[in-house]
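Chemist: Would you mind keeping the following structure in view while I ask a few things?
The numbers here are math on the coordinates, done by the rules we state, and not lab data. The model shown is predicted, which means the values in this text are computed figures rather than measured ones. Glycine also receives a Cβ, built like all others from the backbone with ideal geometry; neighbour counts cover every protein chain displayed.
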Amino acid sequence: MKNSINFKFLFCLIALIVVMSCKEESKTVETSHEETKPNIVIIYADDLGYGEMGAYGATELETPNLDRLANGGIRFTNGYASSATCTPSRYALLTGIYPWRNKNAKILPGTAPLIIDTAQITIPKMLKKHGYHTGIVGKWHLGLGSGNVNCNERIAPGPNEVGFDYSHILAATQDRVPTVYIEDGHVVNLDPNDPIEVNYQENFEGEPTGLENPEMLKMKWHHGHNNSIVNGIPRIGFMKGGEAAKWVDEDMADYFLTDAQAYVKKHKEEPFFLYYALQQPHVPRTPHARFVGSSGMGPRGDVIVEADWMVGEFIKTLEAEGLLENTLIVFSSDNGPVVNDGYYDESVEKLGNHKPAGVLRGGKYSLFEAGTRVPLITYWKGKIKPGVSKTMISQLDLFSSLAGLVGSSERTNDSNELLDVFLGKSNDGRDEMVIEATSRTAFRKGVWAMIPPYKGPAVNKYVNIELANADDYQLYNLKVDIGQQNNMAESNPEKLQEMIAAYEAIRGPVSDKIEQLELK
Ligand code: NG6
Ligand code: CA
């Protein structure tokens, strides 16, 4: 009898241990599932420079929300966009391929066909294979359709055909037609009785233009930007029809924020990837009324304050939904800063002591550092230990690194798997990289920057930016000369030859290219 009680007791104990260990196991499986499939959000500014945020040394502009992200995550001081303009950088970001490998990866008009091959692997495609829902909200600028795009039908191929389950975009840039939002390939609010026509060569009869109707403008053009007028702002390209569908520029930031927040709420139960592509501070700078005057720097500063606020609100949503500890946020910009980019918007007059490029030389369109070295931040509450990283890293590396994060074996040759660097666990980053600016390329390796000779003006006089064109090679030691003032090409010929050889190994012989390149 005594024995049988003991036996029963033992049996129950074993059963209990088995049940408990099973539970424990399922808990571990659940946790690791969450860990390997965190939500991923890329917040991508348009033309935001290296010196534009408090956390990166700005003293004249307040960016409390971006600073919180930077100070609560890893703030990279050697983080790069692949190119000094938009389309190529975005191409590289999504595909993990150097943009200069694709001859169509140049600033695109609003009628350009899609430049990502629908058979090509992309970040959203890769993540989809690992159970992610994928969305893009904001600026696209990678082309739509396959030529002669018709805005009155479903527009395809586009973001939905290269990996995004959901897309709500502006086609090209805020200053280019068509000035309408496109959701999953359909123009939002399109009235079939008022079809849209778009042309980048000639105007439609009787339609006003910035050039011919200056009296209709609330913002004047400085260079370019004198075609169709929408919302009192002259644009690049001609457009007719689609009145009800045209966006109101001043509402754009709220419009995209609301949609990005709705996306998060809708998909919070599954792992999601959101590419939230802000339109600021690209031209035309059109802050909402509540931000007008907020920076004391005119519309350019005001839209940076606006963008900062949008990021803060977006993060609040992640927090309110309980997702902040399970979301990796990457913040960066597609290229360096430009002050006057084609409109009279007081950006030059009211700049004061603000230095959009910080200590760097050049800006948007330039092969000097400010063209491509941009703010780059990774933030993951409770996972990433806050810090500053000097490690060299490129947005190009996100493809392979995010693949590493979710356990995908997909890699591209150009994209390095640097997940531990992005997560602040390693300083073993890139040693070398080719950078691009308006079809020209240059090279960074170690502490050195090498710029081959290029024809064309040294300065783009419209935007007042040094482009880095020169008759001879340029070589800078960024460790002691971050402002690229001391060209060492002549004084250090061995280093120059070493740099040229390493550059050509990736890019091919330089001499082939110099003649072909022209300034856009
Ligand atoms: C340039 C535009 C500039 C901007 C840029 C694209 C002119 C004179 N300048 O051609 O205003 O739109 O293209 O910027 O038209 S990007 O950030 O999308 O690359
Ligand atoms: Ca840009």
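Chemist: For K385 and N189 in the same chain, what is the full-extension length gain: residue separation times 0.36 nm, less their Cα-Cα distance, in nm?
Modeler: Working: separation 196, 0.36 × 196 = 70.56 nm, distance 4.48 nm.
66.1 nm is the gain from fully extending K385 to N189.
Chemist: Using the alpha-carbon atoms, what tilt in degrees (0 to 90, nearest 10) does helix 493-507 show relative to the longest principal axis of the chain?
Modeler: Long axis of 493-507 versus the principal axis of the chain: about 70 degrees.
Chemist: Another question about this same structure. Where Rh denotes the Kirkwood radius from the mean inverse Cα pair distance, what is Rg over Rh for segment 197-240? Can you show the working numbers first?
Modeler: Values: Rg = 9.2 Å, Rh = 10.1 Å.
With Rh from the inverse mean 1/r over Cα pairs, Rg/Rh is 0.92.
Chemist: When we measure straight from the Cα of K128, which aspartates and glutamates land under 13 angstrom away, once same-chain ones fewer than 8 places off are left out?
Modeler: E161, D165, E270, E410
Chemist: Run through segment 159-221 and list the chymotrypsin sites (Phe, Trp or Tyr not before Pro) located in a DSSP loop whose Cβ has at most 15 other Cβ atoms within 10 Å. Provide the component values of the computation, followed by the final result.
Modeler: Working: sites: F164, Y166, Y181, Y200, F204, W221; in loops: F164, Y200, F204.
Counting only loop positions with at most 15 other Cβ atoms within 10 Å, the chymotrypsin sites (Phe, Trp or Tyr not before Pro) in segment 159-221 are Y200, F204.
Chemist: With the cut-off at 1.5 for a/c, could you classify segment 141-209 from its C-alpha gyration tensor as rounded, prolate or oblate? Mind dumping the intermediate values first?
Modeler: Values: a/c = 1.98, a/b = 1.65, b/c = 1.20.
Note, shape of segment 141-209 comes out prolate.
Chemist: Could you tell me the relative contact order of segment 439-507? Use alpha-carbon pairs under 8 Å, at least six residues apart, and round to a whole percent. Write out the running numbers ahead of the final one.
Modeler: Numbers: 90 pairs, mean separation 18.7, N = 69.
27 percent.
Chemist: Now for a different question. Obtain the radius of gyration and the Kirkwood radius of the chain from its C-alpha atoms and give Rg over Rh.
Modeler: On the way: Rg = 24.9 Å, Rh = 24.0 Å.
When Rh is taken as the Kirkwood radius, the ratio is 1.04.
Chemist: In terms of the Cα gyration tensor, with a ≥ b ≥ c the square roots of its eigenvalues, is segment 336-435 rounded because a/c is under 1.5, prolate because a/b exceeds b/c, or oblate? If you can, show how the numbers build up before the last one.
Modeler: Values: a/c = 2.55, a/b = 1.96, b/c = 1.30.
Taking the square roots of the gyration eigenvalues as a ≥ b ≥ c, segment 336-435 is prolate.
Chemist: In terms of Cα to Cα distance under 21 Å, which lysines are near enough to K220, apart from those fewer than 8 places away along the same chain?
Modeler: Of all the lysines, those that pass the test against K220 - Cα under 21 Å, at least 8 places apart if same chain - are K240, K246, K350, K461.
Chemist: By what distance, in whole Å, do the Cα atoms of segment 439-507 stretch along each of the three principal axes, largest value first?
Modeler: 36, 27, 18
Chemist: Taking the Cα centre of the chain as origin, sum charge times position over the Cβ atoms of Lys and Arg (+1) and Asp and Glu (-1), and report the length of that vector in debye to the nearest 20.
Modeler: Using only the charged Cβ atoms, the result is roughly 1540 debye.
Chemist: Residue by residue through segment 140-149, which ³J(HN,Hα) values in whole Hz follow from phi under the Karplus form 6.51 cos²θ - 1.76 cosθ + 1.60 (θ = phi - 60°), with glycine and proline marked x?
Modeler: Rounded to whole hertz, the list is 9, 6, 10, x, 9, x, 10, x, 6, 5.
Chemist: Helix-derived [θ] at 222 nm for the chain: sum -39500 (n - 2.57) over DSSP H runs of at least 4, divide by residue count, nearest 500?
Modeler: Details: 11 runs with 132 residues, N = 520.
The helix-only estimate for the chain comes to -8000 deg cm²/dmol at 222 nm.
Chemist: If you don't mind, there's one more thing I want to ask. Using a Cα-Cα cut-off of under 19 Å, which lysines could be cross-linked to K106, ignoring same-chain neighbours fewer than 8 residues away?
Modeler: K139, K364, K455, K513, K520
Chemist: Oh, and also: Could you tell me how many degrees, from 0 to 90 and to the nearest 10, lie between the Cα long axis of helix 299-320 and the main elongation axis, the longest principal axis, of the Cα atoms of the chain?
Modeler: Compared with the principal axis, the helix lies near 10 degrees.
Chemist: For segment 410-459 and segment 113-151, compute the distance between their C-alpha centroids and round to whole Å.
Modeler: Segment 410-459 and segment 113-151 have Cα centres spaced 24 Å from each other.
Chemist: Separate question: Antiparallel versus total DSSP beta bridges in the chain: what percent is that, nearest 5?
Modeler: So the antiparallel bridges in the chain amount to around 55 percent.
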